[in-house]
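**Q** Submitted below is the structure of interest, expressed as structure tokens.
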Amino acid sequence: STMRKRKTTDSFPSSANLSEGKEKLRLKQEVGLISGVSLIAGTMIGSGIFMSPEWVLHHMGSPASSLLIWTACGLLAMFGALSYAELGTIIKESGGEYIYILRIFGSFPAFLFAYTSVILVRPAGLAAVCLSFAEYAVAPFYPGCSSPQVVVKCTAAACILILTIINCLNVRLATSIMNIFTAAKLLALLVIVVGGLVLLAKGQTQSFQNAFQNTSASIGTIGVAFYQGLWSFDGWNNLNYVTEELKKPEVTLPRAVMIAIPLVTCLYLLVNVSYLAAMTPSELLSSGAVAVTWGDKVLGSWAWLISLSVALSTFGSSNGTFFSGGRVCYIAAREGHMPDILSMAHVRCLTPSPALLFTSAMSLIMIISGNFTSIVNFFSFMAWLFYGMTISGLLYLKIKKRELPRSYKVPIIIPVIVLMAAVYLVLAPIIDQPQIEILYVVLFIFSGVILYFPVVRFKCHPHFLQRVTLHLQLFLEVAPTTRDAN
């Protein structure tokens, strides 16, 4: 049949019951350790490290305190990823926060997460990163003036379309591109690190004298500085979105986390030191793009390499965001929380092409409309709201479900620290600087209630959807998939 009747379960996954002789269509397990490290590091290293340092310094007021914030952000990302690694070895399904919230807390909160993530958060994040890529990609063609918005938006749209084709064609092709671009951006960061070490060796240490002077200790400003730093670390949880496509997930997931996040954290700290070696704090604060200013000061006529590196970095990051973001849509549809067509995979390429196409379409709408900036600014608020819920689910499993088999255990103090940080990051901006936009975000999340009860709970599906699904299946050459029972 073209439409599958599925019941959303709130229990932990069991083997899928398949009729005898029925062919199993599954996504391939193509992501190994190197690709896993590339997915995490490649998504984390986007435009953030090239843009955020001046804002962290702006809010903290001193070089030393800004470096402490970067270190704390790295530790928080590491603690969060280690906590998620244990969840990934208990619930061996793709979907990240969505599948963990579904299995632990039930259908309703999982639907709210899927609705918010698929419709708004993931497409908005992808659109923002692609627009960053477009800004740097077209800048050399418009020297001395700002690039026309039409050209920037068309370039960003072209980036999304290219990513869609790549990810729909082949998982291995998408992961290979991730590996190549991750290597390129690591090389670019190493150039900045080595340049900084040379400057320090020559005695340019004026930025580190009285390094704590003018430090801001306000709770609100520290929270905002954390938001800026954590934006550069966003992507630490991306491997949990593709658990079913990992080779030996119980081994690959924790190892990839333990390699990628300390690597990125060390690079971020050394890059910040390099920026401060090349510029005084006041110069850094007045810079529109820190990495470009650094290139002008240190590389001279080779400064164009930095602009190229940022463009490559943001393209690679958008590929990782697209790769994992489409999986949330795919898994939510497989559990009955999205239209059935989105849970299907291409019969030859074995990629979740309908979910990827939907994510692409939503991102294109946001690029064309251009009215998503204010919502993207509150991405961290929404993200840490759901991170906190997921981590509280892990604590529940550690206390109440100790008998569940798991190949990796994280000390309970680590998820407790992450939960406390999540509560702080959600409440700090509300208490310190309440803004009406946060209310809009919360109202958008709970607007999912209007859809949940008639469509998911009581399954009121219009009859014409069956015919639409049939035609889309034939046109897209897709078929239902089965859950990989690990």
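**Q** Considering only DSSP states other than H, G, I, E and B, which trypsin sites (Lys or Arg not before Pro) in segment 149-227 qualify as loop sites with at most 16 other Cβ atoms within 10 Å?
**A** Numbers: sites: LYS153, ARG172, LYS185, LYS202; in loops: LYS202.
The qualifying sites are LYS202.
**Q** Just name one of ALA332, ALA201, THR481: the one whose Cα is farthest towards the positive end of the charge dipole of the chain (beta-carbon charges, Lys/Arg +1, Asp/Glu -1).
**A** It is THR481, whose Cα lies furthest towards the positive end.
**Q** Above 31 angstrom, tally the Cα pairs of the chain and express them as a % of all pairs, no decimals. Present the calculation step by step, with values, prior to reporting the outcome.
**A** Working: 50226 of 117855 pairs.
Summing the P(r) of the chain above 31 Å gives 43 percent of all pairs.
**Q** Using only the Cα atoms of segment 248-302, build the gyration tensor, take square roots of its eigenvalues as a ≥ b ≥ c, and label the shape rounded, prolate or oblate: rounded if a/c is under 1.5, else prolate if a/b is larger than b/c, else oblate.
**A** On the way: a/c = 3.90, a/b = 2.93, b/c = 1.33.
Judged from the Cα gyration tensor, segment 248-302 comes out prolate (a/c at least 1.5, a/b above b/c).
**Q** May I pose another question? May I ask you to list the chymotrypsin sites (Phe, Trp or Tyr not before Pro) in segment 383-486 that are in a DSSP loop and have at most 13 other Cβ atoms within 10 Å of their Cβ?
**A** Numbers: sites: TRP384, PHE386, TYR387, TYR396, TYR408, TYR424, TYR440, PHE444, PHE446, TYR452, PHE458, PHE464, PHE475; in loops: TYR408, PHE458.
Those that pass, being in a loop and sparsely packed, are PHE458.
**Q** Could you sort out which of LYS92/LYS401; LYS153/LYS297; LYS92/LYS185; LYS398/LYS459; LYS247/LYS400; LYS92/LYS400 sit more than 23 Å apart by Cα distance in this structure?
**A** Details: LYS92/LYS401 16 Å; LYS153/LYS297 30 Å; LYS92/LYS185 31 Å; LYS398/LYS459 34 Å; LYS247/LYS400 29 Å; LYS92/LYS400 19 Å.
Distance filter (> 23 Å) returns LYS153/LYS297; LYS92/LYS185; LYS398/LYS459; LYS247/LYS400.
**Q** Compute the accessible area per residue over segment 33-477, keeping the other protein chains in place, probe 1.4 Å, unit Å².
**A** Working: 17840 Å² over 445 residues.
Per-residue accessible area for segment 33-477 comes out at 40 Å².
**Q** Using only helices, what value at 222 nm comes out for the chain when you add -39,500 (n - 2.57) per DSSP H run of length 4 or more and divide by the total residues, to the nearest 500 deg cm²/dmol? Walk me through the intermediate numbers first.
**A** Values: 21 runs with 321 residues, N = 486.
Per the formula, -21500 deg cm²/dmol.
**Q** Under the 0.36 nm per residue contour assumption, what length would be gained going from the current alpha-carbon distance of ALA184 and ALA64 to full extension? Walk me through the intermediate numbers first.
**A** Numbers: separation 120, 0.36 × 120 = 43.20 nm, distance 2.91 nm.
Between ALA184 and ALA64, full extension yields 40.3 nm more.
**Q** Go ahead and run the numbers for FRET between TRP304 and ALA361, Cβ-Cβ distance against an R0 of 35 Å, rounding to 0.05. Could you put the intermediate results ahead of the total?
**A** On the way: r = 34 Å, r/R0 = 0.98.
So, using R0 = 35 Å, E works out to roughly 0.55.
**Q** For segment 212-298, state which chymotrypsin sites (Phe, Trp or Tyr not before Pro) are in a DSSP loop and have at most 14 other beta carbons lying within 10 Å of their beta carbon.
**A** Sparse-neighbourhood loop chymotrypsin sites (Phe, Trp or Tyr not before Pro): PHE212.
**Q** Another one. For segment 174-223, what are the per-bin percents of Cα-Cα distances with bins 5 Å wide, up to the bin holding the maximum?
**A** 4, 15, 11, 12, 12, 13, 16, 10, 6, 1
**Q** Let me ask something else about it. If a/c stays under 1.5 just call it rounded; otherwise compare a/b with b/c (prolate if a/b is bigger, oblate if not). Do that for segment 194-266, with a ≥ b ≥ c from the square roots of the Cα gyration tensor eigenvalues.
**A** On the way: a/c = 4.26, a/b = 1.71, b/c = 2.49.
Because a/c hits 1.5 or more and a/b fails to exceed b/c, segment 194-266 counts as oblate.
**Q** How large a share of the accessible area of segment 33-477, in percent, is made up of carbon and sulfur atoms when the probe is 1.4 Å and the other protein chains stay in place? Walk me through the intermediate numbers first.
**A** On the way: 12500 of 17840 Å².
Answer for segment 33-477 is 70 percent, counting heavy atoms of protein chains only.
**Q** Run the paramagnetic zone check for ILE450: 7 angstrom along Cα to Cβ, then residues of segment 326-370 with backbone nitrogen under 19 Å.
**A** Within reach of a label on ILE450: 338-339.
The values are calculated or read from the model by the stated rules, or taken from the named source; none is laboratory data. Note that the coordinates shown come from a computational prediction; the quantities given were computed from them, not determined experimentally. Neighbour counts are summed over all protein chains in view; Cβ atoms, including those assigned to glycine, are modelled from backbone coordinates with ideal geometry. The accessibility values were calculated without ligands, DNA or RNA, using every heavy atom of the protein model including side chains. Shrake-Rupley method; radii C 1.70, N 1.55, O 1.52, S 1.80 Å.
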